[in-house]
Amino acid sequence: MTELPTSAPQVAAGTPASAPRSPALTRRRLLGATVGGVVGGSVLGFDIAEAAVVKQRLRIEGATVSRSICPYCAVGCALLAYTKKRANGKVDLLQIEGDPDSPVNEGRLCPKGATSLQLAVSSRRVPAPLYRGGGATEWQQVSWDFALDRLAQNIKASRDRTFVTTDGNGNVVNRCEGVAFAGGAAFSSEEGYLAAKLMRGLGVVHIEQQARV
């Protein structure tokens, strides 16, 4: 049987000694370094001082919370909207997130719902109606009065042109076949009732609701 040496291995002359090992990064060391590095940085090299300041001054602190519904699909996910009023009376929309108390989405939102804040604050949002007349190549900004009057005129023109009083069998139908209406998924029951009454009053038969599609 060959006896194993018990003494430390000898290093030949001129051979560089190995570099000392750095202590292992444990969870305790990581947490300790992160807490201690709030003022300057973290153990991973990230400067988290700014993040710590932002965390101490939350944007939604003191904001008013309002409940709403996502305007996109027919699921009807509930939203929480945080607003805050400035000294000049202007109200800023700070944040939109899912409502955890809703049995529909339980606080969850799809990517479209999660970015619904941009519908109100995006720099690309069109702030006023745009109109492009027949033959024109450019859009021009118009007032809401102009847009609503133009819309009413077009609806009346289409209704007058496509209104049917009797069908092929001579039955009185009094319906408008040239106008269609689709309600939004964010309609309340009252808004849906009002829209349906208005369209049926015009004789429109092509009526649909996004929540049913």
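FYI, it's all coordinate maths here, none of it is from the lab. Quick caveat, the model's predicted, so the values are computed rather than measured. Please note: Cβ atoms are built from the backbone with ideal geometry, for glycine as well, and neighbour counts cover all protein chains shown.
When the Cα positions of LEU117, ALA152, ASN169 are compared along the charge dipole of segment 112-194, LEU117 comes out farthest toward the positive end, with charges on each C-beta of Lys, Arg, Asp and Glu. Compactness of segment 64-121 is given as radius of gyration and Dmax, 11.9, 38 Å, from Cα positions.
In nm, what is the difference between 0.36 nm times the number of residues separating CYS73 and ILE60 and their Cα-Cα distance?
Here the segment from CYS73 to ILE60 would lengthen by 2.0 nm.
Cα extents for segment 130-212 along the principal axes, largest to smallest and rounded to whole angstrom: 47, 33, 20. On the principal axes of its alpha-carbon atoms, segment 93-154 has extents of 49, 25, 20 Å, going from largest to smallest.
Evaluated on segment 64-181, the Kirkwood hydrodynamic radius is 18.6 Å, with distances taken between all distinct Cα atoms. Its Cα gyration tensor gives segment 125-166 an equivalent ellipsoid, and the semi-axes of that ellipsoid, as √(5λ) in whole Å with the largest first, are 27, 13, 7.
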